[in-house]
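Presented below is the structure to which this report refers.
The values are calculated or read from the model by the stated rules, or taken from the named source; none is laboratory data. In this text, all values refer to a predicted model and were calculated from it rather than measured experimentally. As a convention, Cβ positions derive from the backbone with ideal geometry for all residues, glycine included, and neighbour counts pool all protein chains shown. Keep in mind that these areas ignore ligands, DNA and RNA; they rest on the heavy atoms of the full protein, side chains included. Shrake-Rupley method; radii C 1.70, N 1.55, O 1.52, S 1.80 Å.
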Amino acid sequence: NSDIINISGNISYTLSKTPHSLIVGGTGSGKSFFILGKIVSYLSLTPQVDLYIIDPKKADLSLLRFIGGLEHKVATEPNQIAKMLRELVEIMEERYKTYFNDISAFGKDYRDFGLPPIILVFDEFSAYLHSVDSKQKKEVLDYIFTIVMKGRQAGVTLEILMQRPSADDLPTNIRSQMSFKVGLGNMDSIGYNMIFNTNDVEYKTITEKGGGYIQIDGIHTNPIYFETPYIDKDFDFIKEIEKLMKNKN
């Protein structure tokens, strides 16, 4: 019944205390393997998480829809994406209404009621925002803001993935609620400042694939250099996730 997520040999965090992640990295930075590794870690928890995927570019993560138990939990089209976010907000609000409606819930969170964590992985966040009109963009950003503000206690966690850091695409009121931040690959000072909100670090040139900087609230005062776990290119993520989903079902 642990909710500790191991990132590397000496870096880990507690999911219930560190909700909402921002992961930024361009092509070849190791971002895809890193999030797939995190998904495997999530599905290995007890109780296992309830996983949702948004992949507007219909890339690797969208293929998880072919795995049993995830058929209806992967969204790729703009209307599907808005609908999924709306439904997750409704689930979150229903949890508050059911479990946090009297004084006996004081100081408790979703774990005290045996509720599984809900993880939403939103890949290619910037690409999605630039593909929809202003009305749908505002709707989706409103849903995301509601989740990052209220999700921790109810067990609803958001993972936002972007190729390039952009303050225009990720408003400060959302970015400031991200407790887990990673920048993979090389970036300029403006990019690092958008992710970590500090320039008080002498960032070194990244030479290793999977290398970058990480900052976890409550653990790191400033971002530190780290390398994502090595995963062989032949490792079968689909097979592993299928196995974990079968164990859940």
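Some observations on this one:
- Condition check for SER62: open to solvent by less than 10 Å² (accessible area, probe 1.4 Å), outside any loop (DSSP other than H, G, I, E, B), touching a strand residue (DSSP E or B) at 6+ places or on another chain (Cβ under 8 Å) and polar (S, T, N, Q): yes
- The single condition from (1) of a type outside the set (Ser, Thr, Tyr); (2) modelled with pLDDT of 95 or more; (3) part of a helix (DSSP H, G or I) that ALA127 fails is (2).
- When every residue of the stretch 198-212 is checked against the conditions, at least one turns out to be at pLDDT below 95, farther than 19 Å from SER32 by Cα and in contact with a Ser or Thr (Cβ under 7 Å, 6 or more places away or on another chain).
- When restricted to residues that are under 20 Å from the mean Cα position of the chain (by Cα), over 16 Å from GLY30 (Cβ atoms) and not polar (S, T, N, Q), the stretch 196-225 contains 8.
- Leading residue by the ranking (modelled with the highest pLDDT) among those in the stretch 171-197 that are of a type in the set (A, V, I, L, M, F, W, C) and in contact with a helix residue (DSSP H, G or I) (Cβ under 7 Å, 6 or more places away or on another chain): LEU184
- Tally, over the stretch 1-13, of residues that are closer than 17 Å to PRO47 by Cβ and either in contact (Cβ under 8 Å) with a residue 24 or more places away in the chain or surrounded by 14 or more Cβ atoms within 10 Å (Cβ to Cβ) (or both): 4
- You will find that of LYS73, LYS17, LYS83, LYS31, the residue that is at pLDDT below 95, basic (Lys, Arg) and open to solvent by 40 Å² or more (accessible area, probe 1.4 Å) is LYS17 and no other.
- Residues that are in contact (Cβ under 8 Å) with a residue 12 or more places away in the chain, more than 30 Å from THR76 (Cβ to Cβ), out of contact with any Gly (no Cβ under 8 Å at 6 or more places or on another chain) and not hydrophobic (A, V, I, L, M, F, W, C), drawn from the stretch 109-128: GLY114
- Scanning the stretch 18-62 for residues that are over 25 Å from ASP109 (Cβ atoms), touching a helix residue (DSSP H, G or I) at 6+ places or on another chain (Cβ under 7 Å) and touching a residue at least 60 places away in the same chain (Cβ under 8 Å) yields a count of 6.
- Within the stretch 145-161, not a single residue is open to solvent by 60 Å² or more (accessible area, probe 1.4 Å), at pLDDT below 95 and either over 29 Å from GLN48 (Cα atoms) or not in a loop (DSSP other than H, G, I, E, B) (or both).
- Only residues that are open to solvent by less than 50 Å² (accessible area, probe 1.4 Å), assigned to a loop (DSSP other than H, G, I, E, B) and out of contact with any Lys or Arg (no Cβ under 9 Å at 6 or more places or on another chain) were counted in the stretch 166-202, giving 7.
- Residue satisfying all of: in the stretch 213-249; part of a loop (DSSP other than H, G, I, E, B) and aromatic (Phe, Trp, Tyr); modelled with the lowest pLDDT among these: TYR230
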